[in-house]
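> Encoded as structure tokens, here's the structure I'll be asking about.
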Amino acid sequence: QVQLVESGGGLVQPGGSLRLSCAASGSISRINYMGWYRQAPGKQRELVAVITSGGSINYADSVKGRFTISRDNAKNTVYLEMNSLKPEDTAVYYCNLGSQGRHYWGQGTQVTVSS
């Protein structure tokens, strides 16, 4: 059993910054990747950023240059630094982990960008 606990969401003004964290615990033998997805009201869940065990990183085009994903392997924790936030970044952000063919999700954390 793998648990993902997210933190760091909240309300921020346009142009502001937030940092999300996701800590993985439980029976984890090997993590292949960790990443972040988001889902806005009425929209499908979409990939935001992902980092593999080898350090490869992919970002959604909409967040390139503004968001940075990083990972602390010793702590099984992934971070998402979000800068220059826009109202369209408003969504529930979900942590995602892939390990030996299985995929795990966090409970989600709300990010609201509004003045």
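> Roughly how many whole Å is it from the C-alpha centroid of segment 57-84 to that of segment 1-46?
That distance is 10 Å.
> Output ³J(HN,Hα) for segment 48-65: one whole-Hz value per residue in order, computed from phi by the Karplus curve 6.51 cos²θ - 1.76 cosθ + 1.60 with θ = phi - 60°, and x for Gly and Pro.
Rounded to whole hertz, the list is 9, 7, 9, 10, 8, 5, x, x, 5, 10, 10, 10, 5, 4, 5, 10, 4, x.
> What lysines does Lys75 reach when the alpha-carbon gap must be under 28 Å and sequence neighbours fewer than 8 apart in one chain are set aside?
Lys64
> Using the heavy atoms of the protein chains and a 1.4 angstrom probe, tell me the accessible area per residue for the chain in square angstrom.
On the way: 6080 Å² over 115 residues.
Ligands and nucleic acids excluded, the figure is 53 Å² per residue.
> What share of Cα pairs, in percent, lie more than 23 angstrom apart in the chain?
Working: 1501 of 6555 pairs.
Distances greater than 23 Å cover 23 percent of the Cα pairs.
> Rounded to whole Å and sorted largest first, what semi-axes of the equivalent ellipsoid does the C-alpha gyration tensor of segment 12-68 yield via the square root of 5 times each eigenvalue?
On the way: eigenvalues 108, 39, 34 Å².
Result for segment 12-68: semi-axes of 23, 14, 13 Å.
> On the accessible surface of the chain, probed at 1.4 Å, how many percent belong to carbon and sulfur atoms?
Using a 1.4 Å probe with all protein chains present, the chain comes out at 45 percent carbon and sulfur.
The values are calculated or read from the model by the stated rules, or taken from the named source; none is laboratory data. Since the structure is predicted, the reported quantities are computational estimates derived from the model, not experimental observations. Heads up: the accessible areas ignore ligands, DNA and RNA and are worked out on the full protein's heavy atoms, side chains in. Shrake-Rupley method; radii C 1.70, N 1.55, O 1.52, S 1.80 Å.
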